[in-house]
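Reviewing the structure listed below.
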Amino acid sequence: MDIEKESTTFDYSKRSQWLRAAVLGANDGLVSTASLMMGVGAVKHDVKAMILSGFAGMVAGACSMAIGEFVSVYSQYDIEVAQMERDSVEIEKEKLPSPMQAAAASALAFSAGAIVPLLAAAFVKEYKMRIISVVVAVTVALMVFGWLGAALGKAPAVRSSARVLFGGWLAMAVTFGLTKLIGLYGL
C-alpha cells in the first residue's frame, strides 16, 4: 500500500533533465541524419552517396552533441564546486554532475537515433523505394520517441507524438525541397 502511495506522488519533473537530454539526442540524431540523407538523395540517387552522407552526419552530430554536453555539464560542475567552496561545504564528488557521462550518453543517444535512417536506406537499391523506406522508418521512430518522452514524463502522448512527428517531417521536407531546388537551378 505504501508503494502505491509513493508511486502516485512521484515528482516526474525530476526526470526532466536526463529525459530531455536522451530524447533530444535521439530525436536530433534521427531528424538530422534523415534530413541530410533526404537532401543528398534529392540530387544524388546513388545509395552509396546517401549512406555516406548519413554516416558522416551521424559521426559529426554525435561528436558535436558530446562536446556540447561535455562543455555544458562541466560548466555546471564548476559552478557547483565554486558554490560549495564559498559555502565551506565538503565537496562530494558523487553528488556532482559527470561531464564525461553526460557526453557519452549524448553521443550514444544521437547515434541511436541516427542509425534508424541509415539502416532503412542501406538495404534498398531502388531510389524511390529507398526514400519511402527512410520516410516510413523515420515516421515510426518519431512516433515512438514522441510517445516515449510523453510516457516517461507522464505527459499527453498524442500531442507529444504529433509535435515530434510533424517537426521531423518538416525538417526532412524542407531539406529535400531546398536541396532539390539548388541542385536543379543553383549548381
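The values are calculated or read from the model by the stated rules, or taken from the named source; none is laboratory data. Computed from a predicted model, the values in this text were never measured in an experiment. Here the Cβ is made from the backbone with ideal geometry for all residues, glycine too, and neighbour counts use every protein chain on show. Note: areas computed on protein heavy atoms with side chains; ligands, DNA, RNA excluded. Shrake-Rupley method; radii C 1.70, N 1.55, O 1.52, S 1.80 Å.
For the range 119-134, give me each residue that is of a type in the set (A, V, I, L, M, F, W, C) and within 14 Å of VAL40 (Cα to Cα). Steps first, answer last, please.
First, pick out the residues of the range 119-134 that are of a type in the set (A, V, I, L, M, F, W, C): 119-124, 129, 131-132, 134.
Matches in the range 119-134: ALA121, ILE131, VAL134.
Give the residues of the range 84-102 that are surrounded by 15 or more Cβ atoms within 10 Å (Cβ to Cβ) and of a type in the set (Lys, Arg), sorted by residue number.
Scanning the range 84-102 gives no hits.
Name the residue, out of MET100, MET129, MET172, that is more than 15 Å from VAL23 (Cα to Cα) and at pLDDT below 95.
Result: MET100 is the single residue among MET100, MET129, MET172 that is more than 15 Å from VAL23 (Cα to Cα) and at pLDDT below 95.
A quick yes/no check of all residues on (1) open to solvent by less than 50 Å² (accessible area, probe 1.4 Å); (2) in contact with a helix residue (DSSP H, G or I) (Cβ under 6 Å, 6 or more places away or on another chain):
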{"residue": "MET143", "(1), (2)": "no, yes"}
{"residue": "TRP147", "(1), (2)": "no, yes"}
{"residue": "GLY153", "(1), (2)": "yes, yes"}
{"residue": "ALA157", "(1), (2)": "yes, yes"}
{"residue": "ALA162", "(1), (2)": "yes, no"}
{"residue": "LEU165", "(1), (2)": "yes, yes"}
{"residue": "ALA173", "(1), (2)": "no, no"}
{"residue": "PHE176", "(1), (2)": "no, yes"}
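Which of the following residues is in a helix (DSSP H, G or I), surrounded by fewer than 22 Cβ atoms within 10 Å (Cβ to Cβ) and in contact with a Pro (Cβ under 8 Å, 6 or more places away or on another chain): VAL81, VAL73? Don't jump to the end; show me each part of the working.
Values: VAL81 fails: in contact with a Pro (Cβ under 8 Å, 6 or more places away or on another chain).
Just one listed residue meets the conditions, VAL73.
Name the residues in the range 74-132 that are aromatic (Phe, Trp, Tyr) and in contact (Cβ under 8 Å) with a residue 60 or more places away in the chain, would you?
Filtering the range 74-132 down to residues aromatic (Phe, Trp, Tyr) leaves 74, 77, 110, 123, 127.
Selection gives PHE110, TYR127.
Here is a check on your reading of the model: is SER106 polar (S, T, N, Q), over 22 Å from PHE145 (Cβ atoms) and modelled with pLDDT under 95?
On the way: polar (S, T, N, Q): yes; over 22 Å from PHE145 (Cβ atoms): no; modelled with pLDDT under 95: yes.
In short, no.
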